[in-house]
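Worksheet: the structure to be examined is printed underneath.
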Amino acid sequence: MLERSHMKLRARETFNKEILMKTKFALLTMATLALAGCENQAGGGGGSRDQIRIVGSSTVFPFAKAVSENFVTSGSFKAPVLESTGTGAGMSLFCSGVGADTPDIENASRRMKASEFELCQTNGVTDIVEINIGIDGIAVAQSNDGPSFSLTPEQIYKAIAAKPFGKENTYKKWSDIDASLPSRPISVYGPPSTSGTRDALTELIMEVGCKTDPATKALKDSNKDEYELICHEIRTDGPYLDAGENDNLIVQKLKSNPNAVGIFGYSFLEENLDTVRGIAISGVQPDYDAIASGKYPGARPLFIYVKKQHVGVIPGIQEYVTEFVKAGTRDGYLVKTGLIASPEATRTAMLEAAKNLPLLKKDDLK
């Protein structure tokens, strides 16, 4: 009798455990389905996050940070999460897919490449909005304690190219390139291959210098791969030093090494004029007016790219974009931090773009 009672008790306990396990499983399933429902709002994990996530250019980072700080003063939104990854690495993250584990906005110190647009499309990032936030210049700079000199795109190209005009680079001193330049070792701190500043350096300065040789220039049509190898490849034998994505680090290197030359965004030059100065390129100094007018050879537009599939799901994306555009006017607070305002017509068009979020097309990138 007692044994039967124990058996019934054990059976009841087993039954209760099974009910508890089934209940837990059901609750877990419901939670998973609920999360999936949220995720599907952004085609992935977008609905499960309440902060904007931004990646990309170290050049754009200080401007994005200033906008973020002003953006949260209304109290309506949380501060965005900012990562300074470099333009190229940021594009890879931005284009990796749609959802909470992917960024909403990409900061870029050069325009999106057609290949990056295709990567986005392949991974389901089909709705992309391009916003021009202003202008920057690729500043070539030196310590105020260094020997003062100016350069041309051809001289810069000869100093840092792996194979200037198709020949191995044997230049060790600036005076090896031109007798009028200082008899000092070539020591250039510059951006890494993942940086938009590096891409702009290649396009705006190195290519210009490379094409001063007619035979090399002709390669662009006859042998594009060879042309890019000769005109774009940067030397790795010591005179060019990859300083990473942190432009402030280059400024620090110049302060400690008066013989060195640095290449970084204009805003970092403007912030540190007490210790570093710009080097004129083709006789034009890197200053606000020269860059704004396009006279300075290293002038370039800056962009942010918005994942429209996250707009309306991740709170505050459109409001953040609008704040960014408004802050970039000639009397806006971003100009005080080194951004150069775009022409009036461009700013007007970008305000409309922030409002209507028109989609970027591949043909726009050609």
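The values are calculated or read from the model by the stated rules, or taken from the named source; none is laboratory data. Nothing here was measured: the structure is a model prediction, and the numbers come from that model. Neighbour counts are summed over all protein chains in view; Cβ atoms, including those assigned to glycine, are modelled from backbone coordinates with ideal geometry. For the accessible areas, the whole protein counts, side chains as well, though only heavy atoms, and no ligand, DNA or RNA atoms are used. Shrake-Rupley method; radii C 1.70, N 1.55, O 1.52, S 1.80 Å.
Between their Cα atoms, which of LYS224/LYS362; LYS163/LYS224; LYS167/LYS253; LYS158/LYS362 are more than 25 Å away from each other? Beyond 25 Å between Cα atoms: LYS167/LYS253; LYS158/LYS362. The residue list PRO191, GLN309, LEU273 was ranked by how far each Cα lies along the charge dipole of the chain toward its positive end, using unit charges on Cβ atoms, and GLN309 comes out on top. Accessible surface of the range 164-283, 1.4 Å probe: 47 percent of it comes from carbon and sulfur atoms. Computed over the chain, relative contact order equals 25 percent, with contacts defined as Cα pairs under 8 Å that lie 6+ residues apart. Working note: 222 nm ellipticity from helices only, DSSP H runs with n ≥ 4, each -39,500 (n - 2.57), summed and divided by the residues of the chain, gives -12500 deg cm²/dmol to the nearest 500. Counted over all Cα-Cα pairs of the chain, pairs farther apart than 28 Å make up 52 percent.
Roughly how big is the chain's charge dipole about its Cα centre, with Cβ charges of +1 (Lys, Arg) and -1 (Asp, Glu), in debye to the nearest 20? Provide the component values of the computation, followed by the final result.
Values: 41 positive and 45 negative charges, 223 e Å.
That gives the chain a dipole magnitude of about 1060 debye.
Where a Cα-Cα gap under 17 Å defines reach, which aspartates and glutamates qualify for LYS173, not counting those fewer than 8 residues away within the same chain? The reachable aspartates and glutamates, counting only those whose Cα sits under 17 Å from LYS173, are GLU154, ASP237.
Estimated at the nearest 10 Å², the accessible area of THR122 is 110 Å² with a 1.4 Å probe.
Accessible-area rank, largest first, for GLU344, GLU154: GLU344, GLU154, with all protein chains present and a 1.4 angstrom probe. With contacts taken as Cα pairs under 8 Å at a separation of at least 6 residues, the range 209-366 carries a relative contact order of 13 percent.
Taking the chain as a Gaussian network of alpha-carbon nodes connected by springs under 10 Å, the highest mean-square fluctuation of the residues PRO153, PRO192, PRO214 belongs to PRO214.
Rolling a 1.4 Å probe across all protein chains gives ARG184 an accessible area of roughly 90 Å². Legend: residues ARG198, ARG330, sorted from most to least accessible area (1.4 Å probe; ligands, DNA and RNA excluded), read ARG330, ARG198.
Ordered from highest to lowest accessible area with the whole protein assembly present and a 1.4 Å probe, ASP242, ASP104 read as ASP242, ASP104. Under a model in which nothing but the beta-carbon of Lys, Arg (+1) and Asp, Glu (-1) is charged, the range 109-159 shows a dipole of about 140 debye around its Cα centre.
Using the Cβ of SER143 as centre and a radius below 14 Å, the other residues enclosed give a net charge of +2, where K and R count +1 and D and E count -1. The amide H of VAL261, built 1.01 Å from its N in the peptide plane, has SER187, VAL188, TYR189 as neighbours under 5 Å, considering only residues 5 or more places off or on other chains. For the chain, the solvent-accessible area with a 1.4 angstrom probe is 47 square angstrom per residue. Given their separation in residues at 0.36 nm each and the Cα-Cα distance between them, LYS362 and ASN259 gain 32.7 nm when the chain is fully extended. When +1 charges are put on Lys and Arg Cβ atoms and -1 charges on Asp and Glu Cβ atoms, the dipole computed for the range 86-191 relative to its Cα centre reaches about 680 debye.
Normalised by the number of residues in the range 40-146, what is the relative contact order in percent for Cα pairs under 8 Å and 6+ residues apart?
On the way: 147 pairs, mean separation 32.8, N = 107.
Over the range 40-146, the number comes to 31 percent.
For the range 262-273, backbone phi angles converted through the Karplus equation (6.51, -1.76, 1.60; θ = phi - 60°) give residue-by-residue couplings of x, 10, 7, x, 4, 4, 6, 5, 4, 6, 10, 5 Hz, Gly and Pro being listed as x.
With just the Cα atoms defining each centre, how far is the range 188-209 from the range 93-146? Give it in Å. Comparing the Cα centres of the range 188-209 and the range 93-146, I get a distance of 15 Å.
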